[in-house]
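The values are calculated or read from the model by the stated rules, or taken from the named source; none is laboratory data. Just so it is clear, the model here is predicted, and its values are computed rather than measured. Ideal geometry is used to build each Cβ from the backbone, glycine not excepted, and the neighbour counts take in all protein chains shown. Surface areas here come from the heavy atoms of the whole protein model, side chains and all, with no ligands, DNA or RNA. Shrake-Rupley method; radii C 1.70, N 1.55, O 1.52, S 1.80 Å.
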Amino acid sequence: MSKKSLFIKTYGCQMNVYDSARMADVLSPLGYRLVESADQADMVVLNTCHIREKATEKVFSELGRLRPLKDRPEGAILAVAGCVAQAEGEEILARAPFVDIVVGPQAYHRLPQLVAEATRAAGGVLDTEFPIDAKFDLLPEPTEAQAVSAFLTIQEGCDKFCSFCVVPYTRGAEFSRPVAAVVAEAERLVALGARELTLLGQNVNAYHGDGPDGVVWGLGQLLRRLAEVPGLHRLRYTTSHPGDVDEALIAAHREVPQVMPFLHLPVQSGSDRLLKAMNRRHTADDYRRLVDRLRAARPDLALSSDFIVGYPGESDADHQASLTLIREIGFAQAYSFKYSARPGTPAALEANRVPDAVADQRLQEVQALLLEQMRAFNRATVGTTQRVLFEKPGRHPGQIVGRTPYLQAVHVEAPLSRLGREADVWIDAVATHSLAGRLCQQDPETEAAA
Ligand code: SAH
Ligand code: SF4
Ligand code: F3S
């Protein structure tokens with residue numbers, strides 16, 4: 001079998017990062033090895049995101065740039081995967097007829113056949129079915145060495161249908177992997193070097209997988225089981241919907257030390273009127289009360305969130321309500337986006353659009369407030385001791401980089417032998433996007449646990 005090179009460019013969310021790794025696994029038996037650039041690659045995959053218009057447009061401009069690859073004598077195979085492939089498969093083949101393969105997120109296990117068909121066929125091949133056979137059963141297990149912090153998809157799809165969002169259309173209905181499959185993959189990832197796992201799902205806390213006891217398990221119960229995997233130091237999960245945080249999940253935050261006290265919990269808006277229009281199925285007060293319960297369970301919990309500004313009909317009062325909610329909750333960090341009308345979603349049909357200039361202004365205000373909160377949160381860690389899991393060498397020799405429980409990057413002078421291990425670090429400085437610190441006096445427990 002001849003060696004071939006594969007370049008995968010990943011856009012969008014962590015689910016796509018996980019899927020890209022699985023695509024590399026599924027193509028590996030065909031002789032494909034990952035490379036760092038598209039220039040010399042025999043196959044290029046764009047794993048795309050459809051969430052906002054900008055994300056989608058990027059795909060078409062990237063395809064334009066990649067087109068010359070097809071003019072080489074042996075012509076590279078060009079594939080478009082991910083959510084744009086799912087939503088606009090036909091349009092891709094029409095606008096970029098030089099594309100060989102268009103493959104939706106549920107069909108990655110069929111990539112080997114698609115590659116074979118593409119090499120035979122003259123035009124592009126399209127596979128965007130939602131097959132009944134679960135993609136996870138048919139994708140190979142990870143075999144490559146894993147980063148210290150690895151992703152594990154446990155749930156896919158979404159049944160929430162927030163009025164602005166394409167995910168229920170691109171990823172389909174909610175599906176949860178069985179507990180045994182998740183545990184087996186977690187054990188495998190740890191054997192390959194992972195020490196922290198982030199469980200992924202578009203609506204991860206709606207997880208309801210078949211348990212080994214014949215009963216359906218929720219996320220709280222799954223986290224408890226995963227905490228028993230030897231060598232696994234840290235657990236995270238993303239992304240959650242406030243409506244699906246149940247008592248068992250809150251209890252896991254209270255009682256399972258491996259569950260990190262940092263939670264991405266999107267709220268989108270602080271205005272009940274808009275939350276209703278968005279079909280979020282919760283009010284701003286529901287969110288406040290939920291955060292209170294989570295903080296009561298885990299007082300050191302820090303929060304992250306997502307906000308949309310400029311949703312159709314958003315008034316200045318709605319905007320102020322979002323700012324008020326942000327001030328009240330206090331986020332360690334958060335993302336905010338200008339509303340983007342997405343084809344096929346109910347919100348795209350609403351007439352009362354917010355003028356661009358107004359939305360831009362509001363976005364700036366929300367981002368300025370969130371940035372201020374993030375800076376304050378980071379500053380507050382200076383002069384404290386933080387537990388840090390070391391992930392990789394730093395840019396300077398002798399330096400390694402790890403993360404606090406709150407995902408803050410910390411640069412520390414320490415030997416590479418510390419990678420994959422946790423240690424207490426005294427934080428002594430803060431830059432915009434990272435912290436710097438020193439190892440606390442060696443504690444014998446850290447040494448023994450490694
Ligand atoms: N499943 C996750 C992630 C959805 S996409 C969740 O439910 O939170 C990530 C974020 O993108 C969303 O939380 C939302 O803030 C933003 N987003 C989704 N659709 C959008 C749109 N049409 N315009 C602007 N932002 C959007
Ligand atoms: Fe989209 Fe809402 Fe589902 Fe999140 S919960 S993926 S925002 S529809
Ligand atoms: Fe984008 Fe699809 Fe993820 S639309 S955010 S890549 S689920």
From the Cα gyration tensor of the stretch 4-132, with a ≥ b ≥ c the square roots of its eigenvalues, which class applies: rounded if a/c is under 1.5, or else prolate if a/b is larger than b/c, or else oblate?
rounded
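When the convex hull of the Cα atoms of the stretch 334-450 is projected onto a plane and the area is averaged over all directions, what value comes out in nm²?
Details: hull surface 42.3 nm².
Projected over every direction and averaged, the Cα hull of the stretch 334-450 covers 10.6 nm².
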Taking a probe of 1.4 angstrom, what is the accessible area of Thr432 in Å², to the nearest 10?
70
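Report the extension gain between Ala357 and Ala429 in nm, rounded to one decimal, defined as 0.36 nm multiplied by the number of residues separating them, less their alpha carbon distance. Walk me through the numbers on the way to the answer.
Numbers: separation 72, 0.36 × 72 = 25.92 nm, distance 3.76 nm.
Separation in residues times 0.36 nm, less the Cα-Cα distance, equals 22.2 nm.
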With viscosity set to 1.306 mPa s at 10 °C, what whole-number translational diffusion coefficient in µm²/s follows for the stretch 192-294 from Stokes-Einstein and a Kirkwood radius over Cα pairs?
108
Peptides 308-319, 63-74 ordered by average Cβ neighbours within 10 Å, highest first
308-319, 63-74
Could I have the simple spin-label model distance between Thr119 and Ser2, label points 7 Å from Cα toward Cβ, reported in nm to one decimal?
0.8
Note to self, the chain gives a 222 nm [θ] from helices alone (DSSP H runs n ≥ 4, -39500 (n - 2.57) apiece, / all residues, nearest 500) of -10500 deg cm²/dmol
Quick calc: nm separation of the 7 Å Cα→Cβ label points for Phe130 and Asp286 -> 2.3
Express in nm, to one decimal, how much length is gained between Arg95 and Arg327 on full extension, taking 0.36 nm for each residue of separation and deducting their alpha carbon distance.
79.0 nm
With R₀ set to 25 angstrom, the calculated FRET efficiency between the beta-carbons of Glu187 and Asp210, to the nearest 0.05, is 0.90
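Counting only heavy atoms of protein chains, what accessible area per residue, in Å², does the stretch 385-449 have with a probe of 1.4 Å? Please list the in-between numbers first.
Details: 3590 Å² over 65 residues.
Spelled out: the 1.4 Å probe surface of the stretch 385-449, per residue, equals 55 Å².
With only alpha-carbon pairs counted, each pair once and no self-pairs, how large is the Kirkwood hydrodynamic radius of the stretch 134-379 in angstroms? Please report the intermediate quantities before stating the final value.
Values: mean 1/r = 0.0522 Å⁻¹.
Value: 19.2 Å, from the Cα pair sum.
Between Asp272 and Arg72, what is the FRET efficiency for a Förster distance of 56 Å, r being their Cβ-Cβ separation, to the nearest 0.05?
Working: r = 57 Å, r/R0 = 1.02.
Efficiency computed from Cβ-Cβ geometry: 0.45.
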Starting from the Cα of Ala376, step 7 Å along the direction of its Cβ; do the same at Thr143; then give the gap between the two resulting points in nm.
5.2
Where Rh is the Kirkwood radius over Cα pairs, Rg/Rh for the stretch 385-449:
0.93
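Mind checking the full-extension length gain between Leu416 and Ala341? Use 0.36 nm per residue of separation minus the Cα-Cα distance, one decimal, nm.
Numbers: separation 75, 0.36 × 75 = 27.00 nm, distance 4.72 nm.
So the chain would gain 22.3 nm between Leu416 and Ala341.
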How do the peptides 184-191, 412-419, 150-157 rank, highest first, by the average count of neighbouring beta carbon atoms within 10 Å per residue?
150-157, 184-191, 412-419
Measuring from its Cα centre, the stretch 134-379 shows a charge dipole (+1 at each Lys and Arg Cβ, -1 at each Asp and Glu Cβ) which, in debye to the nearest 20, is 340
Computed over the chain, Kirkwood Rh from alpha-carbon pairs, angstrom
23.5
What's the magnitude of the charge dipole for the chain around its Cα centre, counting Lys and Arg as +1 and Asp and Glu as -1 at the beta-carbon? Answer in Debye, nearest 20.
640
Along the charge dipole of the chain, Cβ charges K/R +1 and D/E -1, which of Phe337, Phe136, Val99 sits furthest on the positive end?
Phe337
For a quick protection proxy, order the peptides 216-223, 337-344 by their average other-Cβ count within 10 Å, most packed first.
216-223, 337-344
When the chain is treated as a GNM, springs tying every alpha-carbon pair under 10 Å, which of Arg120, Arg295, Arg353 comes out with the largest mean-square fluctuation?
Arg120
